[in-house]
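Attaching a single structure in structure tokens format; questions to follow.
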Amino acid sequence: MLLAERTHSLDLRRTAKWLEVLAILHTISALFSNALQHRDSPLVRYDVWIYLAAALFFAVIAPFRSRWRMLVGGLFACGLGSYLLVDLGLVARKPFVLGLGIVGLTVALGAFAYVRRFGK
């Protein structure tokens with residue numbers, strides 16, 4: 001993908017963008033399906049942690065590479081990872097959802113305050 005997006009051919013550059021989306025989708029969906037299939041396995045926690053590591057990898061690397069597609073894919077995967085944790089019974093439902101909501105609200109308010117104070 002990195003080589004195709006730097007070529008002179010417009011077709012190859014467009015294809016590289018589609019391949020990036022498909023690679024993210026393929027990685028996240030395969031890891032998600034793997035974790036769901038091993039629902040009764042004692043090692044399901046490892047499958048979930050691998051899934052969450054891949055999701056965080058996409059979300060963290062996106063700003064450094066200026067890739068909005070990776071950021072959207074990583075954030076979507078983090079949301080599905082939260083669902084996965086609750087669905088597989090790895091965390092308590094109510095405290096996790098409430099804690100996640102409070103953390104999300106705090107981050108949103110912090111970002112808003114930062115932009116209001118230091119933004120132009």
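The values are calculated or read from the model by the stated rules, or taken from the named source; none is laboratory data. Model, not experiment: these values are computed from the prediction. Note: ideal-geometry Cβ built from the backbone for every residue, glycine included; neighbour counts use all protein chains shown.
Any residue that is in a helix (DSSP H, G or I), of a type in the set (S, T, N, Q), surrounded by 13 or more Cβ atoms within 10 Å (Cβ to Cβ) and under 13 Å from the mean Cα position of the chain (by Cα) - is there at least one of those in the stretch 6-23?
For the stretch 6-23, residues in a helix (DSSP H, G or I), of a type in the set (S, T, N, Q), surrounded by 13 or more Cβ atoms within 10 Å (Cβ to Cβ) and under 13 Å from the mean Cα position of the chain (by Cα): absent.
For the stretch 36-49, indicate whether the set of residues that are assigned to a helix (DSSP H, G or I) and surrounded by fewer than 12 Cβ atoms within 10 Å (Cβ to Cβ) is non-empty.
Yes: one or more hits.
Have a look at Phe112, Phe76, Phe58, Phe64 and point out the one that is assigned to a helix (DSSP H, G or I), aromatic (Phe, Trp, Tyr), modelled with pLDDT under 95 and touching a helix residue (DSSP H, G or I) at 6+ places or on another chain (Cβ under 7 Å).
Criteria check complete, one pass: Phe58.
State which residue pairs qualify: first residue in contact (Cβ under 8 Å) with a residue 24 or more places away in the chain and closer than 15 Å to Arg39 by Cβ and inside the stretch 82-106, second residue of a type in the set (Lys, Arg) and assigned to a helix (DSSP H, G or I) in any location, beta carbons under 9 Å apart, and separation of 6 or more residues or different chains.
From the stretch 82-106, the pairs are Leu88/Arg45; Leu90/Arg45.
I'd like the residue in the stretch 79-105 that is among the small types (Gly, Ala, Ser) and part of a loop (DSSP other than H, G, I, E, B) and, out of all such residues, is surrounded by the fewest Cβ atoms within 10 Å (Cβ to Cβ).
Initial filter on the stretch 79-105 (among the small types (Gly, Ala, Ser)): 79, 81-82, 89, 92, 99, 101, 104.
Cutting the leftovers down to part of a loop (DSSP other than H, G, I, E, B) gives us 89, 92.
Values: Gly89: 10, Ala92: 12.
Among those residues, the one meeting the criterion is Gly89.
So, Ala113, is that one farther than 18 Å from Glu20 by Cβ, small (Gly, Ala, Ser) and outside the structural domain of Val21 (by TED's automatic domain parsing) or not?
yes
Do you know which residues across the stretch 24-35 are among the small types (Gly, Ala, Ser) and surrounded by 13 or more Cβ atoms within 10 Å (Cβ to Cβ)?
Ala35
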